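Right, one structure below, let's go through it.
Every number in this text was worked out from the coordinates using simple rules, so none of it is lab data. It should be emphasised that the depicted structure is a prediction, and the values quoted were computed from it without experimental measurement. Positions of Cβ are generated from backbone atoms using ideal geometry, with glycine treated the same way; all protein chains shown enter the neighbour counts.
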Amino acid sequence: MSFFSTLKDKLLPKNPDQYVSGFEKTQASFVSKIKALLINSPIVDERFYAQINDVLLKSDVGVETASYLIIALKKKASAYPFCSADELIDMLAQLMRASFNDYELTLKDGTNVFLIVGVNGAGKTTSIAKLGYYFKTQGKSVVTIAADTFRAAAVQQLQTWSDRLGIPCIYGKENADPSSVVVDGLRYAQEHNIDIVLIDTAGRLQNKVNLMEELAKINRVITKVHGTPPDFTWMVLDGSTGQHALKQAESFKDLININGILCTKLDGTAKGGMLIALSRILNVPIPFIGLGEKPEDLVPFDPDAFIYSITKELI
Ligand SMILES: Nc1nc2c(ncn2[C@@H]2O[C@H](COP(=O)(O)OP(=O)(O)OP(=O)(O)O)[C@@H](O)[C@H]2O)c(=O)[nH]1
Ligand SMILES: [Mg+2]
């Protein structure tokens, strides 16, 4: 049985419609190029591999991951000397899937603290609102903390979202010390037995050193009040910037301990292949992805559904 048909059977009961429409642009670009390749060069030779490499690069898989996939593909194909071009594409999809580890979000009893970080405009505040919506629909109690006090509008934005979703939002005065707002929010969570605390942070300060110092200070106060560092420190990345987002994550990862990545704006881009590079190179799980602007558009990342969505027309 081919990988494609196993994948299709696995996905049928799951209804991957949201994935299929969210990854429409990546799918259209990837599939049209693979189809053209299968029509124009149906013979598996060096040229064929070079063209697959090209298609991968155009989906923003990145040079390093594309070359890793080509080497792995050649190795896999060497066991099947007469394999057809179609079979080779099936093997490629299988290798792309194997770049991801499965992840299951495990919450602890009591309060779970999520510190959400990332550069400005990546989608932190909207992702917090969406996470609030997700956890609320799971029956959890949620509070948001507006620790991005650098911009008054940022506090307002989180308040508006939280009000709309019926979630309490803890905030301080304009230009308040973000750490003091975090302390207030954590105390509120303790007093009200809140399950999920979502902390919004600034994406830009005067410079990177200030930003990192502020995040370190927030970490210290969380450790003091909550008893441990944040349970989840998730970095939000703008997926539409492709390989650029990967570089950003690498530099953040050197400075703070990130244990999850939220990749947003994948609906507006053909660069969905960057997820493969993210997973392979950073070795940090991708718990959720953003496939649109509505609260329900942040979905747990399902690698099977992702590969299915971008290869659907080839199956
Ligand atoms: N299409 C699409 N747009 C998104 C997604 N996630 C966020 N956005 C949009 O991206 C823009 C920036 O999002 P914010 O949440 O304000 O980003 P931020 O990281 O909080 O930005 P700063 O507070 O300036 O650091 C908004 O217009 C969001 O609606 C997504 O998954 N898909
Ligand atoms: Mg924000």
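For the chain, the longest principal axis of the Cα atoms and the long axis of helix 152-165 meet at an angle of about 80 degrees. When the distances between all Cα atoms of the stretch 49-124 are binned every 5 Å from zero, what whole-number percent does each bin get? Result returned by the calculation: 3, 12, 17, 15, 12, 11, 9, 8, 7, 4, 2, 0. The magnitude of the dipole of the chain, with charges of +1 and -1 set on the Cβ of Lys/Arg and Asp/Glu and taken from the Cα centre, is near 280 debye. Taken over the Cα atoms of the stretch 112-302, the convex hull encloses 106 Å³ per residue.
Amide H contacts under 5 Å for residue 237: 262, 263, 264, restricted to partners 5 or more places along the chain or on a different chain, H placed in the peptide plane at 1.01 Å from N.
Taking the Cβ of residue 193 as the centre, find all other residues whose Cβ is under 14 Å away and add up their charges (Lys, Arg: +1; Asp, Glu: -1). Don't skip to the answer; put the middle values down first.
Numbers: positive: 108, 140, 187; negative: 109, 191, 195.
Local net charge: 0.
Normalised by the number of residues in the stretch 129-204, the mean separation of alpha-carbon contacts (under 8 Å, six or more apart) gives a relative contact order of 42 percent. Across the stretch 78-91, computed HN-Hα scalar couplings (Karplus, 6.51 cos²θ - 1.76 cosθ + 1.60, θ = phi - 60°) run 4, 7, 10, x, 10, 6, 7, 4, 4, 5, 5, 5, 4, 5 Hz from first to last residue, x flagging Gly and Pro.
With respect to the chain, whose longest principal axis is taken over its alpha-carbon atoms, helix 243-255 is tilted by about 50°.
Each of 294, 271 was scored by other Cβ atoms within 10 Å of its Cβ. Listed from fewest to most, they are 294, 271.
Here the Karplus relation 6.51 cos²θ - 1.76 cosθ + 1.60, evaluated at θ = phi - 60°, turns the backbone of the stretch 18-29 into coupling constants of 5, 5, 4, 6, x, 9, 3, 5, 5, 4, 4, 6 Hz, with x for every Gly and Pro. Around the amide H of residue 147, modelled in the peptide plane, lie the amide H atoms of 200, all under 5 Å away and 5 or more residues distant in sequence or on another chain.
The ranking of 158, 73, 105 from fewest to most other beta carbons within 10 Å of each one's beta carbon is 105, 73, 158. The length gained on full extension between residue 83 and residue 2, counted as 0.36 nm times the residue separation minus their Cα-Cα distance, comes to 27.9 nm. Ignoring the sites themselves, what is the longest stretch of the chain with no GluC sites (Glu not before Pro) in a DSSP loop and at most 15 other beta-carbon atoms within 10 Å? Longest stretch, sites excluded: 175-292. In this calculation the C-beta distance from residue 224 to residue 160 is compared with R0 = 30 Å, giving a FRET efficiency of 0.50. Within straight-line reach of residue 14, meaning a Cα separation under 20 Å, sit the following lysines at least 8 residues removed in sequence or on another chain: 312. Relative contact order, percent, of the stretch 3-102 when contacts are C-alpha pairs under 8 Å separated by at least 6 residues? Once normalised by length, the contact order is 30 percent. Close amide H partners of residue 110, meaning residues 5 or more places away or on another chain with modelled amide H under 5 Å apart, do not exist here.
Averaging the sequence gap over all C-alpha pairs within less than 8 Å and six or more residues apart, then dividing by the number of residues, gives the stretch 112-302 a relative contact order of 25 percent.
For the pair residue 210 and residue 244, the difference between a 0.36 nm per residue extended length and the Cα-Cα distance amounts to 10.0 nm. With respect to the chain, whose longest principal axis is taken over its alpha-carbon atoms, helix 178-191 is tilted by about 80°. The modelled label-to-label distance between residue 109 and residue 58, using points 7 Å beyond Cα along the C-beta direction, is 5.5 nm.
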